[in-house]
Amino acid sequence: MNSNSSRMLNRKKRKARQALFLAVASFCLLALLFFVFQDALPVYSYNVFGNQNGQGNEPVDGSAPAAAGKGLRPPVIPEDWEFTIISTGDIMMHSPQIKAGWQSESKSYDFSFMFERIAPLLRQGDLVIGNLETPLAGESNRGFTGYPMFNAPEILARNLKDAGFDVVSTANNHSLDRGFQGLCTTLDNLDAAELLYTGTFRSPEESRILKLETAGVRIALIAATYGTNGLTLAKDKGFAINYINAGQLLADISQARQEGAQYVIVMLHWGVEYQTKPNKEQTELAQTLLKGGADLILGNHPHVLQRGEAIHLAELYAQTEKQSSGQAAADFPSLVYKASGKDQMKFVMYSQGNFVSNQEGMDRLSSILLKLTLGVDGATGEPYFKNAEYIPIYTQRRDRQGFSRHQVWPLELALAELAGEKPPFGGEDKSNVPKAWDYIIKSQPALSLLTLEDTPVWSELTEKPVP
């Protein structure tokens, strides 16, 4: 072999060794990259809100679903999460309250001081609901008045929003105290304050169902009243207020479900004033609506507390079976909403009493903040009931000097202040506050008492000086 041939052969060997080296290096580099970046590869996970039923199995990156087979990574299911609903009783504005809200320096009304003690608790809720039992029809509509024909200054809407309220029911026996025009103006003022509402309507086109989303859950709210104190609307204005009718309410609940609602709340103005126990009409209607797909019923109107209770779906099925002459509840799918998974409990609060008012008597000045904790199934995105708690509250009618005050207190804070050197209470309030605690606890045997002293919010509640 001559020298030229030898050089060519050596050159080929070097190229072969270089190619082999590059191949081995490339393989090692690819292997290293795979192990370093394997977590960045597409992972298929349950899409919590994939469709109207909360079901779904699409990949989080939007690509096609993975085929079943050996070696694929299992789906990653998110953990369950929680959200809270806080609900209150009747928001009323009697004449002494309206007078107390007049600010002489600014020549305007402001009721924010009435809620400053309770606002830190309201703001803890993910969804805060109340019953607005007064029109906000403007002073030009026969002035501002209390009972028996209410009309409060429109600033109340902003004060409620600032205090933490998200939604109010406007369907109650005082909805028509200023007629159809007053009803419309009330809704205009609520819109201006960005406070949501349902129960009354300006036109047939406005939906009877309020839809919103909280903590990723689609919620529907429906409100209705037993009547309007004999006040009526013109025949062409029948759309303006939602009256209690079981068939219509069931139709509204069904429509809400069909439109994608995962949780349905029904707010009812019902019952008999000043009665501490729900009557037969209340309990029967509650059962009907829960069977028909409602998840939560919030009652108002009696102005005193009535019990709250969780009801298991099995109990509803058993009642349906008994009422249907022994036929299985499964034979009545139109009557019983069949929840699945963890959604096995419904809740009804028959009456929440007064949130704020000038009514006399310890039972009408004592109430609760109802706090419901709901879980959300991480696999399906469906909500389910976890527990119900309550915080006792009390409306202080007068300050130490005897002037109208109407301030809503967490009762635990009121008791602590009452034990201090200069308690802010006098007269009937000083007498009522100690009695209210036992009265409230006895009214709610099925609910859990939520105390505040050892919670983070206690420091916020106690840092404001007593006037």
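Structure notes:
- Here is the size of segment 345-430 from its Cα atoms: Rg then Dmax, 17.4, 58 Å.
- Efficiency of FRET from Cβ geometry, ALA318 and GLU206, R₀ 45 Å, rounded to 0.05: 0.70
- Extending 7 Å from Cα along the Cβ direction at GLU421 and again at LYS99 yields two label points whose distance is 3.4 nm.
- Extension gain for LYS107-TYR274 works out to 56.5 nm (0.36 nm per residue, less the C-alpha to C-alpha distance).
- Under 5 Å from the amide H of ILE311 lie the amide H atoms of LYS346, PHE347, VAL348, each residue being 5 or more positions distant or on a separate chain, with H modelled from the backbone and absent for Pro and chain starts.
- Separation between Cα centres of segment 395-467 and segment 199-225, rounded to whole Å: 34 Å
- Built amide H within the under 5 Å cut-off of TRP409, gap 5+: TYR394, THR395, GLN396
- Here the gap between GLU463 and ARG307, fully extended at 0.36 nm per residue and compared with their Cα-Cα distance, gives a gain of 52.9 nm.
- The distance linking segment 248-288 with segment 69-109 is 21 Å (Cα centroid to Cα centroid, whole angstrom).
- Here r is the Cβ-Cβ distance between THR455 and LEU231 and R0 is 35 Å; the resulting FRET efficiency, rounded to 0.05, is 0.20.
- Residue separation of ASN245 and ALA215 scaled by 0.36 nm, minus their Cα-Cα distance, works out to 7.7 nm of gained length.
- Shape category assigned to segment 81-462 from the gyration tensor of Cα positions, a/c cut at 1.5: oblate
- Inter-label distance, ASP126 to ARG400: 4.3 nm, where each label sits 7 Å from its Cα along the C-beta direction.
- FRET efficiency, 1/(1 + (r/R0)^6) with R0 45 Å, evaluated for LYS430 and PHE180 via beta carbons: 0.55
Every number here is computed from the coordinates shown, using simple stated rules; none is lab data. Remember, predicted model here, so these are calculated numbers, not experimental data. Don't worry about glycine lacking a Cβ; one is built from the backbone with ideal geometry, like all the others, and counts go over all protein chains shown.
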